[in-house]
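Down below is the structure, laid out as structure tokens.
The values are calculated or read from the model by the stated rules, or taken from the named source; none is laboratory data. Note that the structure is predicted; figures quoted are calculated from it, not measured. Here the Cβ positions follow ideal geometry from the backbone for every residue, glycine too, while neighbour counts run over all protein chains shown.
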Amino acid sequence: METNLKPQRSVIKRILDYLWPIVGLIAVFASGWLLYRSFEGEAVGPQVWADLKAITPRQYGLAAVSTIIAYAALAWYDRIALLHLGIRDISWVFISLCSFTTYALSHNIGASVFSGAMVRYRAYSTKGLTTAQVAILVALCSFTFVLGTLLLSGLVLIFEPEQLKRLRGILPEVLTHRSTARIVGFGCLAFVGVYIFGSILRLRPLRIGSFRLEYPRPEITARQLVAAPMELLGAAGIIYFALPEIGNPGFFVVLGVFLASFSAALVSNAPGGLGIFELIFIHGMPSVPKFQVLTALLVFRIFYLLIPLAFAIIVVLIFENRRLAQVLRDRQQGEPG
């Protein structure tokens, strides 16, 4: 029976490999059309440019600091995963460059299209890591992000259950109730609690279908619970500081809307979450003029996505050029005189 299922699973996997990118592109076009309808007939370019000029140097500076905090936390993701593997001899500089390049590319191209495994393998294989070790590293980094999202989402929904009301019209009506929000919040924190509990007691891996959850050592879990929220708080901070002070709904509101829109953008598989992220965020901030929200999201894309992407491409080119030069030197040394 098992032998008959394996080819079927392989076919399904191949179909999904082609299907998800198509779904992502459809999501981009659909959300883009809805955004176009939202701003139809209005002078978007001049208004956004005026709002960009209205952002003070102090606000831009704080947005830049928030970006650095977010990417520093992402580098910590890799460091935590390496510690889980028992690897301590790789420098912080190398880890930071590898992590920065990986996330700058995957954030822009799309998580499932470019998961980061390729970049990480190319880099970490030079430090002696095997394919299996890189796979574990990628999985743990991804789970660290999920853990942070669940932790912060749970706290937001418990202490500010009204947040889900902002997504009426996008979420089913039953999910936007105050009581439902709190139930979902407690569910998120319960999952985090089970993970902490399993880590402390060193329980056997949790299996749910094909999903397998390995409990790391408590000191690894503790680092995850700091690094992941730090990254998300930094990313949300970029938008918060780019919004005008007058009418700003507060960081807690911005964080809640950010978690919802950023998660939806990742699940959609749209390249860079383009359109989906903006559509949900604007919908979730009805009290702020939509042009100012759009401007803040543009600042987010510039600081968190586009500038890192430009530097990441340079890092990749330098790295690959050095690897090519090393291969050529090795060949020349191997040739008989």
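For segment 125-139, which positions are over 15 Å from E214 (Cα atoms) and either part of a loop (DSSP other than H, G, I, E, B) or not charged (D, E, K, R) (or both)?
S125, T126, G128, L129, T130, T131, V134 - these are the residues of segment 125-139 that are over 15 Å from E214 (Cα atoms) and either part of a loop (DSSP other than H, G, I, E, B) or not charged (D, E, K, R) (or both).
Quick check on my filter: what residues within segment 43-92 are among the small types (G, A, S), outside any helix (DSSP H, G or I) and modelled with pLDDT of 90 or more?
Within segment 43-92, G86, S91 meet the criteria.
What is the residue count in segment 175-202 for residues that are in contact with a strand residue (DSSP E or B) (Cβ under 9 Å, 6 or more places away or on another chain) and among the hydroxyl-bearing types (S, T, Y)?
2
Would it be correct to say that Y77 is buried (at least 16 other Cβ atoms within 10 Å of the Cβ) and in contact with a Ser or Thr (Cβ under 6 Å, 6 or more places away or on another chain)?
Answer is yes for this residue.
Just to be sure, is G185 at pLDDT 80 or above, outside any loop (DSSP other than H, G, I, E, B) and more than 17 Å from F262 (Cα to Cα)?
yes
Can you say whether I95 is in a helix (DSSP H, G or I), at pLDDT 95 or above and among the β-branched types (V, I, T), as far as the supplied structure shows?
No, not satisfied.
For residues that are over 26 Å from S106 (Cβ atoms) and either touching a Pro at 6+ places or on another chain (Cβ under 6 Å) or aliphatic (A, V, I, L, M) (or both), scanning just segment 238-284, find the one that is modelled with the lowest pLDDT.
Going through the qualifying residues, I end up with I246.
Any residue at all in segment 150-164 that is within 22 Å of V226 (Cα to Cα) and among the aromatic types (F, W, Y)?
yes
I'd like to verify a number: residues in segment 300-326 that are more than 30 Å from L243 (Cβ to Cβ) and either aromatic (F, W, Y) or exposed (fewer than 10 other Cβ atoms within 10 Å of the Cβ) (or both), how many?
1
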